[in-house]
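Shown next, in C-alpha cells, is the structure this report addresses.
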Amino acid sequence: MTDGGGLDAIRAAREELDAVIEEIRAVPGYEDFLAVPTFEDVAGVAEECPLVYVAAAEPGGLALVVRGADVTHVPLDGLTAEALRVRATAHLEAYAGYRADPETARARWNASLDDVTAWLWDEVMGPILGQLGETADLVMVAGGLLGLLPLHAA
C-alpha cells in the first residue's frame, strides 16, 4: 500500500488496541494491565530467583543480574552486536536448511548447535553463572537476536 492507507489502518488498529487496554484496566484488579514495570516490580519478582537481563552491544555485551533490590553488572566482552549477528545468522540458516531437508542438512545443523552453544557458554552463560555461584534457578531475559539462540542448552 503506497497510498498511505496502510499507515491509516495501523493508526486505527493502535487506537482500537489502546481503547481495549483502557477497558481492561477499568476492571478491578487489572488497573496495571500492560503497564511498564517499575524497578520495584522487578525487584519484587527477583526476590525468589535472580532475573538476568542480557544484551549485546557494539563495544561488548552485558548482563544485569537482579536479586531483589541488588543489581550486579557482568561484562560480556565477546558478546558484540556484530559477533551475535554473525552467529545468529549462521545458526538460523543451518536451521532453515535442516527444516527444508533434515536428512541432508542434519550434520550441518548438529555442527551449528555445537558451535553456537559452545560460543554462548564461553561468552554469555559461563561468565553469568560464574557471577551467580550456587544459585539453583534463574530467569533469563535475552534481548534482540540473543533470544533466538539456545541459551538454555549452553
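The values are calculated or read from the model by the stated rules, or taken from the named source; none is laboratory data. Here the structure is a predicted model, which is why all the values come from computation and not from measurement. Glycine gets a Cβ as well: all are built from the backbone with ideal geometry, and neighbour counts include every protein chain shown. With ligands, DNA and RNA removed, areas are computed over all heavy atoms of the protein, side chains included. Shrake-Rupley method; radii C 1.70, N 1.55, O 1.52, S 1.80 Å.
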Self-check item: Hits in the range 1-42 (condition: assigned to a helix (DSSP H, G or I) and among the aliphatic types (A, V, I, L, M))
Solution: LEU7, ALA9, ILE10, ALA12, ALA13, LEU17, ALA19, VAL20, ILE21, ILE24, VAL42
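Which of the following residues is touching a Ser or Thr at 6+ places or on another chain (Cβ under 7 Å), free of Cβ contacts under 8 Å to residues at least 60 places away in the same chain and acidic (Asp, Glu): GLU82, GLU58, GLU103, GLU93? Full working, then the answer.
Details: GLU82 fails: touching a Ser or Thr at 6+ places or on another chain (Cβ under 7 Å); GLU103 fails: touching a Ser or Thr at 6+ places or on another chain (Cβ under 7 Å); GLU93 fails: touching a Ser or Thr at 6+ places or on another chain (Cβ under 7 Å).
Criteria check complete, one pass: GLU58.
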Quiz item: List, please: which pairs have Cβ atoms under 9 Å, are six or more places apart or on different chains, and start with a residue in the range 62-78 that is in contact (Cβ under 8 Å) with a residue 40 or more places away in the chain and end with one that is part of a loop (DSSP other than H, G, I, E, B) and among the charged types (D, E, K, R)?
Solution: none
Quiz item: In this structure, does ALA94 turn out to be surrounded by 15 or more Cβ atoms within 10 Å (Cβ to Cβ), closer than 19 Å to LEU148 by Cα and within 18 Å of the chain's Cα centre (by Cα)?
Solution: no
Quiz item: Hey, any hits in the range 2-19 for a residue that's in contact (Cβ under 8 Å) with a residue 12 or more places away in the chain and surrounded by 10 or more Cβ atoms within 10 Å (Cβ to Cβ)?
Solution: no
Quiz item: So which of GLY78, GLY68, GLY61 is closer than 15 Å to VAL139 by Cα and open to solvent by less than 80 Å² (accessible area, probe 1.4 Å)?
Solution: GLY68
Quiz item: Is it fair to say ALA55 is modelled with pLDDT of 95 or more, open to solvent by 40 Å² or more (accessible area, probe 1.4 Å), within 16 Å of the chain's Cα centre (by Cα) and of a type in the set (A, V, I, L, M)?
Solution: yes
